[in-house]
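The values are calculated or read from the model by the stated rules, or taken from the named source; none is laboratory data. Keep in mind the model is a prediction, meaning the values are calculated, not measured. All Cβ positions, glycine included, derive from the backbone under ideal geometry; neighbour counts span all protein chains shown.
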Amino acid sequence: MAMTLRLSSALDAELRAAAEEDHRSVHQTVLLAIETYLSLRETAELKADPAALRALAEAREAVREGDVVYGAEAVRALLGERRAS
């Protein structure tokens, strides 16, 4: 999707300086800024969701206790055990 941004001269200068400092093009810098913003927004949504926070806490506890499986075969075996019980 093509897009045109109208930036103030101050913001344009700051963006160009950031791009130069990071050895990126202005285009790459804008994409990174957008991706970062969307990621932060998603994180804020998760932090505002009590159910998601509980699920994350439970997952961390499971990892601490070693209650994790790795790999597709281990997952299949675990699912097979659950179906059998």
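Checking Leu38 against (1) in contact with a helix residue (DSSP H, G or I) (Cβ under 8 Å, 6 or more places away or on another chain); (2) closer than 30 Å to Leu7 by Cα: exactly one of these is not met. Which one?
(1)
Can you list residue pairs whose Cβ atoms sit under 7 Å apart, with the first residue in the stretch 71-84 being without any contact (Cβ under 8 Å) to a residue 40 or more places away in the chain and in a helix (DSSP H, G or I) and the second being surrounded by fewer than 10 Cβ atoms within 10 Å (Cβ to Cβ) and among the acidic types (Asp, Glu)? Count only pairs 6 or more apart in sequence or on different chains.
So the pair list comes out empty.
Within the bounds of the stretch 42-65, is there any residue that is more than 17 Å from the chain's Cα centre (by Cα), farther than 28 Å from Asp12 by Cβ, outside the structural domain of Met1 (by TED's automatic domain parsing) and assigned to a loop (DSSP other than H, G, I, E, B)?
yes
Condition first: basic (Lys, Arg) and either loosely packed, with under 11 Cβ neighbours inside 10 Å or touching a Leu at 6+ places or on another chain (Cβ under 6 Å) (or both). Can you find one or more residues in the stretch 28-41 that meet it?
yes
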